[in-house]
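Undergrad: Got a structure here, written out as C-alpha cells. Questions coming.
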Amino acid sequence: MIIEPVINGVVARTAHPYGCEQAVLEQIRYIQQTTTSDKNTNHGPARVLILGGSSGFGLAARIALAFGASESDTISVSFERGPSEKGVGTAGWYNNYYFKKHAEQEGRIAVNIDGDAFSQETRTQVIEAIETYFEGEVDLVIYSLATGARPNPETGELWRSSIKPIGEAVTGASVMLETDTWQDLTLQPASEQEIESTMKVMGGEDWESWIDTLINAESIADGCQTIAFSYIGPEVTHPIYLDGTLGRAKVDLHQTSHALNLKLANFGGAAYATVCKALVTKASVFIPGLTPYIMALYEVMKEQGTHEGCIEQMHRLFTQKLYIDEPVHVDGERLIRIDDLELDSETQQKVQQLLTKLNRDNFKKLADYRGFKTEFMNLNGFDFDGIDYKVPINIDEFINITP
Ligand code: NAI
C-alpha cells in the first residue's frame, strides 16, 4: 500500500515506517557526530528506564543516552498502536522498532514495553525486565509521559486533563494542521474539578508512584537519579500555560521532584524537574493557543542560529547539566533549565514583536509555519527528502513484529 499522510485537526492518523526510521536515524547521527569530544567527561547512566520513550523528549533522551558517550542500555514504556488490518499504526510504534534495531546493532540492550504506564501489569513487566536485563537495578528513570487521561489507581475511574486558563477566559489562536488555517479561539476558565483532574494526569503523583514501585521492588541502584520534563515559558504564554491548568500540574511536578529528591537521597541519588524549550511534538500541538508562539519562536531562533530540537535539548541536558564533573546545574528553585536559549531576553523581545503582527492572513509568511508543519510531518515519518513516498509499503511485513 501507499501510505499518505492523514491529519484530523492536529492529530496524525497515519505514519510512514521508513520516514520514522529516517527521523530516528537523523537523531542518532546528530548524537554520534557531537559525542566524540564529550567521551572523556562522561559519567552517564548505564541502565535507564524511560517512561514515554517512543516520541518527543523521551525518545530523544533515549537516543542521546544510548548513542552518546554513556552508551546506555534502555528499557522504554510507551502506549502505541502497531499496524493491523485496521490501520498502519502510530509513529511511536515504528520509532520503537527502529530505535531497537539500530541500538542492538551497536551492541546496546534496548527493551520496548508497549503498555499503559498507569497499569499494574505494565509495572510488573518493567520490574521483570529490570531483573532480566539490568541485573535488577536502574541508574536513571526518565518520566516523559504526555497524555490526556489517567485512571484513578483506587477506583479505575478516569481523570481527564483540560488545557484551560484559570480564573478568567483567554483569547488566542491555534492553527489547524489539517487545513493550514488559523483559528481564533476563546478558552473559558477551568472549573476546580478540571484543575484537580489535570494535576492528577500531568502532575507528579504518577511519577512518585513509579519511583515508589521501583524502591519497593529494590530496583533503585546506588546513585540513581530521576528526571521529569516541565515547561515555564515567557509571560506571553502564561495565561494559557503557567497560570493555567497545565502550569498547576507542572508546579505539582516541581514539588514532587523535591519529595523524590529526599527519597532518592537514601540511595545517594537525586530527582530533578527539567524545564525544556517549547517544541513541536504530538503533545504540544494539542495545546490550544500555543501554536502562534511556537511558530514565532522558531522564526526568531532559527534566524539567530539558536534553535534546538528535542535531540539537541537532550544532548545538552545530559552532557552540560546532569552528568558533569561539578554539581548538577540548577536554578534557585532547584530546576534544571534548558529553556535558557528560548528565554534569552533579545530572543523574547523579537518574538513579542513578531507575535503582535501575526494574524490569520500573514502567519505563513511572517512566522515559521513551514518549519512547524514540517516538524509535525516528520514526527509521523512524512516530508523527508530522500524517501520515495510513492513506493508501496508491505505493511504485512510489520504486522507480526514485536517492536
Ligand atoms: P509526546 O507526545 O511526544 O510523548 C509522550 C510519550 O508518552 C509517548 O512515548 C507516549 O507513547 C507516552 N504515553 C502517553 N500515554 C501513555 C500511557 N498511558 N502509557 C505509556 N506511555 C504513554 O510528548 P512530549 O512533548 O515529548 O512530552 C513529554 C513531556 O515533556 C511532558 O511532560 C511535556 O509536558 C514535557 N514538555 C514538552 C514540551 C514541548 O514543547 N513538547 C516542552 C516542555 C516540556
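The values are calculated or read from the model by the stated rules, or taken from the named source; none is laboratory data. In this text the structure is predicted, and so the values were computed from the model without any measurement. Cβ atoms come from the backbone with ideal geometry, glycine included; neighbour counts cover every protein chain shown. The area values use the complete protein model at the heavy-atom level, side chains included, leaving out ligands, DNA and RNA. Shrake-Rupley method; radii C 1.70, N 1.55, O 1.52, S 1.80 Å.
Undergrad: Can you give me the distance in nm between label points at residue 188 and residue 263, each placed 7 Å from the Cα along the Cα-to-Cβ direction?
TA: 3.7 nm
Undergrad: Another question, if that's okay. Using Cα pairs closer than 8 Å and at least 6 residues apart in sequence, work out the relative contact order for the chain, in percent.
TA: 21 percent
Undergrad: Using label points projected 7 Å from each Cα along Cα→Cβ, tell me how many nm separate residue 387 and residue 331, to one decimal.
TA: It is 3.6 nm.
Undergrad: What are the GluC sites (Glu not before Pro) within the range 303-378 that DSSP puts in a loop, where the Cβ has at most 16 other Cβ atoms within 10 Å?
TA: Of the GluC sites (Glu not before Pro), the ones in loops of the range 303-378 whose Cβ has at most 16 other Cβ atoms within 10 Å are 333.
Undergrad: Let me ask another. Estimate the FRET efficiency between residue 8 and residue 306 by the formula 1/(1 + (r/R0)^6), using the beta-carbon distance for r and 41 Å for R0, to the nearest 0.05.
TA: Efficiency for this residue pair is about 0.80.
Undergrad: Moving to a separate point now. Give the cross-link partners of residue 357 among the aspartates and glutamates, using a straight C-alpha distance below 15 Å as the criterion and excluding same-chain residues fewer than 8 apart.
TA: Correct list for residue 357: 184, 299, 368.
Undergrad: Scan the chain and hand back the longest stretch that contains none of the trypsin sites (Lys or Arg not before Pro) lying in DSSP loops with at most 15 other Cβ atoms within 10 Å.
TA: Counting only loop sites that pass the neighbour cut-off, the longest clear stretch is 87-333.
Undergrad: I've got another one for you. Using Cα-Cα distances under 8 Å and only pairs 6 or more residues apart, what relative contact order does the range 296-403 have, in percent?
TA: About 28 percent, as a whole number.
Undergrad: Taking loop as defined by DSSP and a crowding limit of 15 other beta carbons within 10 Å, which GluC sites (Glu not before Pro) in the range 181-271 fit?
TA: Qualifying residues, ordered by number: 218.
Undergrad: Same structure, new question: Suppose we look only past 17 Å in the calculated P(r) of the range 1-104. What percent of the Cα-Cα pairs does that tail hold?
TA: Considering the range 1-104, 54 percent of its Cα-Cα pairs are separated by more than 17 Å.
Undergrad: What is the distance, in nm, between label points placed 7 Å from the Cα along the Cα-to-Cβ direction at residue 356 and at residue 168?
TA: 2.0 nm
Undergrad: In the range 114-197, how does Rg compare with the Kirkwood Rh, expressed as the Rg/Rh ratio over alpha carbon atoms?
TA: The Rg/Rh ratio comes out at 1.15.
Undergrad: Evaluate the relative contact order of the range 1-80 (contact order divided by residue number), counting alpha-carbon pairs under 8 angstrom at least 6 apart; express in whole percent.
TA: Reported as a whole number, the value is 27 percent.
Undergrad: For residue 349 and residue 213 in the same chain, what is the full-extension length gain: residue separation times 0.36 nm, less their Cα-Cα distance, in nm?
TA: 44.5 nm
Undergrad: Something else now. Within the chain, what whole-number % of the accessible surface is contributed by carbon and sulfur, with the 1.4 Å probe and all protein chains included in the calculation?
TA: 47 percent
Undergrad: Which of the pairs 302/364; 250/282; 164/250; 321/365; 277/350 have their Cα atoms more than 25 Å apart in this structure?
TA: Violating the 25 Å limit, Cα to Cα: 321/365.
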